[in-house]
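Asker: Here it is: the structure, laid out below.
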Amino acid sequence: MLASCAVRMRDAQLAIRVMDHLVTESPNDPRLLSAVARLHLQLGSIRQAELQFMRIEQLVPSDDKLARMNRALYAVASGKYEAARELFNSVAGDAIEDRVCAANNACVCDVYLGHPQRMLDALQKLMVAAPRAAGASEELVFNYCTGLDLQYDGQKLREEKARKMVDVAMWAGDGFNTASFKLQ
């Protein structure tokens with residue numbers, strides 16, 4: 001939790017120090033090592049992330065969901081969007097939270113691959129299939145609205161975003177961050 005706060009405060013050095021301390025106490029915890037690697041990815045330290053991911057690969061089976069998600073995130077950081085998309089799609093499991101996170105990430109890859117309409121279609125389908133989980137996800141709605149920005153302009157853009165706001169209002173609580181709609 002302290003590391004997350006440090007990341008939000010944009011204090012990368014503190015976040016790394018906290019995570020490194022935790023790793024010394026639990027050096028073989030794949031979830032903790034994964035969190036450290038993902039932090040390195042956020043900070044642009046691709047090589048450091050790769051080293052952590054290699055440690056994780058030695059601790060978990062190669063078909064483990066955590067290992068596949070890590071490979072997908074590393075592929076994104078390396079600019080290998082098609083491989084990342086395939087890996088994200090392979091991660092989607094039974095738990096709706098896993099499906100939402102993995103599908104959202106796969107859809108972001110669609111944008112980088114030049115398919116914003118495919119992203120919009122997939123995210124819309126996900127929000128209809130799992131409105132409480134997907135439709136209330138600020139990250140997913142933000143990505144959906146980014147796709148709208150790429151596909152439409154003017155009145156059509158405003159209409160699509162207004163329609164999505166009505167949908168999300170039914171699914172999300174009052175604490176939903178409306179900045180996700182990118183209204184400016």
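Asker: Is there any pair with a first residue in segment 124-137 that is closer than 11 Å to Asn104 by Cα and a second that is assigned to a loop (DSSP other than H, G, I, E, B) whose Cβ atoms are under 8 Å apart and which are 6 or more apart or on different chains, and what are they?
Answerer: Cβ pairs passing all conditions: Leu126/Ala134; Met127/Ala134; Met127/Gly135.
Asker: Right, something else. For segment 30-69, name all the residues that are of a type in the set (Val, Ile, Thr) and either in a helix (DSSP H, G or I) or touching a residue at least 60 places away in the same chain (Cβ under 8 Å) (or both). Step through it out loud before you land on a result.
Answerer: Here is the first cut: in segment 30-69, the ones of a type in the set (Val, Ile, Thr) are 36, 46, 56, 60.
Residues satisfying the conditions are Val36, Ile46, Ile56.
Asker: Considering only segment 67-85, I want to know if a residue exists there that is farther than 24 Å from Val111 by Cα, open to solvent by 80 Å² or more (accessible area, probe 1.4 Å) and of a type outside the set (Phe, Trp, Tyr).
Answerer: No; the residues of segment 67-85 include none that is farther than 24 Å from Val111 by Cα, open to solvent by 80 Å² or more (accessible area, probe 1.4 Å) and of a type outside the set (Phe, Trp, Tyr).
Asker: Quick one: Leu113 ticks every box in (1) open to solvent by less than 50 Å² (accessible area, probe 1.4 Å); (2) under 17 Å from Thr146 (Cβ atoms); (3) at pLDDT 95 or above except a single one, so which number is it?
Answerer: (1)
Asker: Also: For segment 1-29, which residues satisfy the criterion of being among the polar types (S, T, N, Q) and in a loop (DSSP other than H, G, I, E, B)?
Answerer: Ser26, Asn28, listed by residue number.
Asker: Scan segment 149-173 for residues that are basic (Lys, Arg) and open to solvent by 50 Å² or more (accessible area, probe 1.4 Å) and jot them down.
Answerer: Selection gives Lys156, Arg158, Arg163.
Asker: So is Ala102 crowded, with 21+ Cβ neighbours inside 10 Å, assigned to a helix (DSSP H, G or I) and within 20 Å of the chain's Cα centre (by Cα) or not?
Answerer: When the stated conditions are applied, Ala102 passes them.
Asker: Residue check: is Val141 open to solvent by 20 Å² or more (accessible area, probe 1.4 Å) and part of a helix (DSSP H, G or I)? Let's see the steps before the verdict.
Answerer: Numbers: open to solvent by 20 Å² or more (accessible area, probe 1.4 Å): no; part of a helix (DSSP H, G or I): yes.
Taking the combined requirement at face value, the residue does not satisfy it.
Asker: I would also like to ask the following. Any idea how many residues of segment 67-85 are over 16 Å from His40 (Cβ atoms) and of a type outside the set (Ser, Thr, Tyr)?
Answerer: Total meeting the criteria: 8.
The values are calculated or read from the model by the stated rules, or taken from the named source; none is laboratory data. Since the structure is predicted, the reported quantities are computational estimates derived from the model, not experimental observations. Note that each Cβ is placed from the backbone with ideal geometry, even for glycine, and that neighbours are counted across all protein chains shown. Protein only, heavy atoms only, side chains kept; ligands, DNA and RNA dropped before computing areas. Shrake-Rupley method; radii C 1.70, N 1.55, O 1.52, S 1.80 Å.
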